[in-house]
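Some notes on the structure that comes next.
Since every read-out is calculated from the coordinates, none of them should be taken as a lab result. Just so it is clear, the structure is predicted and the values come from calculations on it, not from any experiment. Heads up, the Cβs are rebuilt from the backbone with ideal geometry, glycines too, and the neighbour counts pull from every protein chain shown.
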C-alpha cells in the first residue's frame, strides 16, 4: 500500500502576530464543508469553539492572522500537506489499552478455534488505530497463539492522522496509559525508557514486528489495500460520520473481509439499517456472510 504526498507550498507570512477577530458563521460553515468533503468528519454548529481553537493552532504555526486567508491557502496547497495538518488537530483521539475488552476475548477464542482447524495465516486490520493502543492490544491478545502455533500474523494499523500514527509507530507511552494492561502482559511486552524525566514505557520489538502502519482516509474509495482480512476492528470511528459514509464504509469492509470473518465496531455503534452482508454475533460484533 503506497500513500504519497508532494511538498507543501510556503505560506504567505502574516504581518500580524495574532488573530484580528473571532471565527464568523461563514468561516465555520466553510471549515465544516471542507472537513466533511475531505475527511467525512461531521462538525455541527455546537462544535464552533472546538473548530475555532484548533484551526487557530494552525494559523499560529503558519504565522497567519485570517481564517479566510487560511482557507485560501488550503485551496492553493496542491500537495495536500496542510490539509493533513488541519485534520490532525481537528481529529479527536480517545483510546486506551483493552478498551471494550469483550472484543479481545472474542478475538482470542475465535483465533483459537480457527488455528485448531489448521489456519496458519492471520491478517487483522485496526482501522482508526489512533495512538496505537488498539493494535498493540490485539498483538498482546494473540501473541501466545503466535508463539505456540507459529502463526504468520500481521496487523495493519491505519488512521487519517499522521500525528497519531507517528505516536503509534514509536510505541512509547506514559506510565498512566498502561494502567488497564494486566501486570503479566505489561512485564512481558513493555520496557522502561531510559533517561526520561517522566516514566515512559516502550512496546517490545516482539509486538512491533507484527505491525504495519499506514495513513488511510475513510472517504477515499476503494481503500488502497491489497489482500483480505480475517478480522477488522473499526471502533468508535463511524459515530463521527453521516449515514451515507457509514454505509459505504461497511460495504468496503465487507469487500476486504473474508467470508466468515469478523467486524468489530464500537459499543455505541450499530450496523442496523446499513448493510445486509453481515450477521450479528452479539451487539458490536458482526460476521461476514459466507
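Quick one: grab the alpha carbon gyration tensor of the range 83-122, order the square roots of its eigenvalues as a ≥ b ≥ c, and give me rounded if a/c is under 1.5, else prolate or oblate depending on whether a/b is larger than b/c.
In terms of gyration-tensor shape, oblate.
Given axes a ≥ b ≥ c from the Cα gyration tensor, I'd like to know whether the range 100-242 is rounded (a/c under 1.5), prolate (a/b larger than b/c) or oblate. Verdict is oblate for the range 100-242. Take every pair of alpha-carbon atoms less than 8 Å apart whose residues are at least six positions apart; their mean separation over the length of the range 99-158 yields a relative contact order of 46 percent. Rounded to the nearest 10 degrees, the inclination of helix 67-76 to the longest alpha-carbon principal axis of the chain is 60 degrees. Taking a ≥ b ≥ c as the square roots of the eigenvalues of the Cα gyration tensor, an a/c ratio of 1.5 or more together with a/b larger than b/c marks the range 187-290 as prolate.
Please report the antiparallel percentage of the DSSP beta bridges confined to the chain, to the nearest 5.
Details: 13 of 33 bridges.
The antiparallel proportion sits near 40 percent.
Compared with the dominant Cα axis of the chain, that is its longest principal axis, helix 243-256 is turned about 40°. The packing ranking of peptides 240-251, 112-123, highest mean first, is 240-251, 112-123, where packing means the average number of other beta carbon atoms within 10 angstrom of each residue.
Here the relative contact order of the chain, from alpha carbon pairs under 8 Å that lie six or more residues apart, stands at 17 percent. In the range 193-283, Cα pairs under 8 Å separated by at least six residues give a relative contact order of 29 percent. Helix 133-149 axis versus longest C-alpha principal axis of the chain: approximately 20°, rounded to the nearest ten. Report which label in [x] 30; [y] 26; [z] 44 holds the value of percent of Cα pairs over 33 Å apart derived from the coordinates of this structure. Comparing each candidate, only [x] matches the computed number.
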